[in-house]
Structures are given as structure tokens and as C-alpha cells.
1. In region 48-85, what residues are of a type in the set (S, T, N, Q), open to solvent by less than 40 Å² (accessible area, probe 1.4 Å) and free of Cβ contacts under 8 Å to residues at least 24 places away in the same chain?
2. If I go through region 86-140 residue by residue, how many of them are more than 22 Å from Gly199 (Cβ to Cβ), open to solvent by less than 60 Å² (accessible area, probe 1.4 Å) and assigned to a helix (DSSP H, G or I)?
3. Could you say whether any residue in region 103-118 is hydroxyl-bearing (Ser, Thr, Tyr) and touching a residue at least 60 places away in the same chain (Cβ under 8 Å)?
4. Hey, could you check region 227-253 for residues that are in contact with a Leu (Cβ under 9 Å, 6 or more places away or on another chain) and not in a helix (DSSP H, G or I) and say which is least open to solvent (accessible area, probe 1.4 Å)?
5. Please go through region 179-230 and pick out each residue that is among the basic types (Lys, Arg) and on the phi > 0 side of the Ramachandran plot.
6. What do you reckon, is Leu25 open to solvent by less than 30 Å² (accessible area, probe 1.4 Å) and either assigned to a helix (DSSP H, G or I) or at pLDDT below 85 (or both)?
7. Just need a number here: residues in region 28-43 that are open to solvent by less than 40 Å² (accessible area, probe 1.4 Å) and closer than 19 Å to Ser377 by Cβ.
8. Going by the conditions given, is Asp269 open to solvent by less than 80 Å² (accessible area, probe 1.4 Å), charged (D, E, K, R) and at pLDDT below 90?
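The values are calculated or read from the model by the stated rules, or taken from the named source; none is laboratory data. None of the values given here were measured: they were computed from a predicted structure. Note that we place each Cβ from the backbone using ideal geometry, even for glycine, and neighbour counts take in every protein chain shown. To get the accessible areas, we keep the full protein, side chains included, count just its heavy atoms, and leave off ligands, DNA and RNA. Shrake-Rupley method; radii C 1.70, N 1.55, O 1.52, S 1.80 Å.
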Amino acid sequence: MSAETAVRVSRPAPAGWSSRPAGLLRAAAPALIGYAAVRALGVLVLVLWGSHRGTPGLGRLSTLWDAYWYREIALHGYAGTTPVPGPYGPYEPYAFFPAYPALVRLVHTVLPLPAHQAALLVAWTASLAAAWGVYAVAARLHGQRVGVIAAVLWGITPYAVVESSAYSEPLFTAFAAWSLYAVITRRWVWGGTLCLLAGLTRPTGVALAAAVGTAALWEVLRGRGTLRTALGMLLAPLGFLGFLAWVGAVKGRWDGYFRVQDAWRSHFDLGRSTLYSFRDLLTDADQVWLTQVVVAAVLIGAVVLFGMSVIQRQPLPLLLYSAAMLTLALGDAAYFNSRARFLLPAFALLLPVATGLARIRSRASLMLLLGSAAAVSAAYGGFVAFVYPDAP
């Protein structure tokens, strides 16, 4: 393929495409309904599983794993949230970015809901916005059918249970998807602004900022950039860098955020920890859990799908974003089971699968395939939440 084809930012819209919000929302209705249906199945399985075990399923979704930190930050702020002792140092709230707990606090203040329910409401609303963004990007590139399938696929990934939990991934994915949509449709200021918000949501905002900023810089270097392109490029990293600077100021050292992350043993080690984890899976099979096998399969599958994305000639911003997200997921030294969750917002990796499934002409066959995958995803989500509740 030519260099021009490989790196272009945008492509001609499919016939009949509408970029107006009202038209886009009407077109996205099947995608949102399909996404809501598969996530409702996942939540229903958790509710039934929890009822059988005497544990409320919705309560489980709102309190699992790091949901505690988001709730405490929403209620008490960073300074008012008590650190928790850990084997490698105290776990501190400064490891968690502020956008999601800020929205939880807003909803908790405005609506008569306890904080844990407000956290679920924000996450579920954000997941719908994210599914809409996934649809918008996929449909803009490949048409309505692929857009619908891509949104549903995002709702049935192995760790889609996180999309229905009180976690920040749904909000980050919403910002990321719409930022990339803005970029591939050449709305650079919107793309940079949404990227800024994503950078205030999760540390992986650096991956999105790298993608948006590099794509904008490429446009400038090619002589196609405008003042709005440059402004989008400048806005993109400000959320991520701003939070790191604030934590550094609070801690009295420039690397304060990274030192907070030491308690989670989270640092970039060029993939050494990932290789060791794969080695342990192969050499100590008697001690392997299903979750480790699934995470390993997700990581391998993500690498394969990235190669397929390159062959598919996705626009430059999507390829850069997927590459950066993969680099962070494979190169971080954090808990191995977290890697699949780190990749949850890397929705562009699903586009090769969506375009392949779109070739199935029988609607009944396609719905049977997606429905079966949704059932497996829901069952695995219940297993992760109730049987093996170590943080993913």
C-alpha cells in the first residue's frame, strides 16, 4: 500500500452518511439497542448469580476492586481519602484520575442517590456514550452494518463486565471514541478537547494524546494543517500532564504520581513482566487460573488484531491509538490480570472482526453468533465478579 494511503487521517464517508448529531443518533439506535441488550444480559447474570450466593449483584458491580477509591474520592476528595497500607507502600487516592469521581460527586449531589449508585449511573451512561462513539467511528469508515456490529462487539469482550461496573473505563472510552471520531472527520479542536478530558480520566490518556497529537503534527508537516489543527494538538496532552503536575505539586516532587504508583508496582518495564507472566503460564500450568488464560488470549489476540488493522489500512489516528494502548498494556509491570482491562478502551482493534462479521448475510446466523458470544461474556463476567474476585 502507498504511504499516502497508510497515513491518511480521514476517508470519504459512505454513501448516505450524515454527520449531524440528530441524524447520527437516529442511525445509531440499532447499535445502542444491541449494546444495551448484551450488557443487560451481563448485568442480569450478575444479579442472578449474586442472588444465588446471597450477595446483591448490583452492589457487587458498584463496590468491586477499585470502585472503593472512586467512591471515596467522590465523597471526601483526595486529601480526605485515607491511604490504605500495602505490601509495597501505602495505596493512595492520587493514583486515580479525577474526571470520573468528579462526575460521581456531581450526580450524588444533584440526585437523591447514594454514592455507589451514582457511580453506576455515571458508568452506565458513559458506556452508552462510548458505544455510540464506537458505532460512529466504525460506521464512518465502513458503513452502518459494521458500526452496529462493532458497538455490540465492544459490549461482549471478555472483560465487558467492567463496562457495567463503577470503573472509569466506560467514561474514558467515550471520550476516546468521540475524540478519534472528531479527528478523522477533521474537527481538530473538538478532538483535542475531548482528548484533554480523556487525559483527566485515566492514565492511558497519554496513549490518546500521542495519537491525536502525532496525527495533528503530521497534518501540519504535510502543509494541510490549520490554526485549529495546531490548537487541537496543543490541547490534547493538557489533561494528562495537568493531573501529573498537580500530583507532583501535592507530593513536592516532579515524579510524585509515579512514586504513588509504586505501591501498585506499576511502571513501564518494556514488557519484561509480561514475558515472565507468559513463561509462568507455560511452566507452572498446575497453578494457572482461567482468568490468566483469558488475559493471555486477549493480549495475543490484540496483537493479531493490530496486525489486521494495519492490513485493513485504518486511518493513522486509530492505528497510533491502538499501538499506544498495546504498548502500555504489554509494557506495564502491573498485575497481569489487569492487562485485558487496560485494553478495553482499544475499540479500534475490533474493527477487523466487525468487518468480517458484516459479511455474514444471514441476520439470524449473525444474531445467533453474537448472542452466543454475549452469553459466554456474561458468564465469564459472573465468574470474575464472584468466583475469582481479584482485581482485573
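1. Across region 48-85, the qualifying residue is only Thr81.
2. 7
3. Scanning region 103-118, I find no residue that is hydroxyl-bearing (Ser, Thr, Tyr) and touching a residue at least 60 places away in the same chain (Cβ under 8 Å), so the answer is no.
4. Looking at residues that are in contact with a Leu (Cβ under 9 Å, 6 or more places away or on another chain) and not in a helix (DSSP H, G or I), I get Ala236.
5. Arg186 - this is the single residue of region 179-230 that is among the basic types (Lys, Arg) and on the phi > 0 side of the Ramachandran plot.
6. Spelling it out, it is not the case that Leu25 is open to solvent by less than 30 Å² (accessible area, probe 1.4 Å) and either assigned to a helix (DSSP H, G or I) or at pLDDT below 85 (or both).
7. 8
8. On the way: open to solvent by less than 80 Å² (accessible area, probe 1.4 Å): yes; charged (D, E, K, R): yes; at pLDDT below 90: yes.
Here the answer is yes, as Asp269 does meet what is asked.
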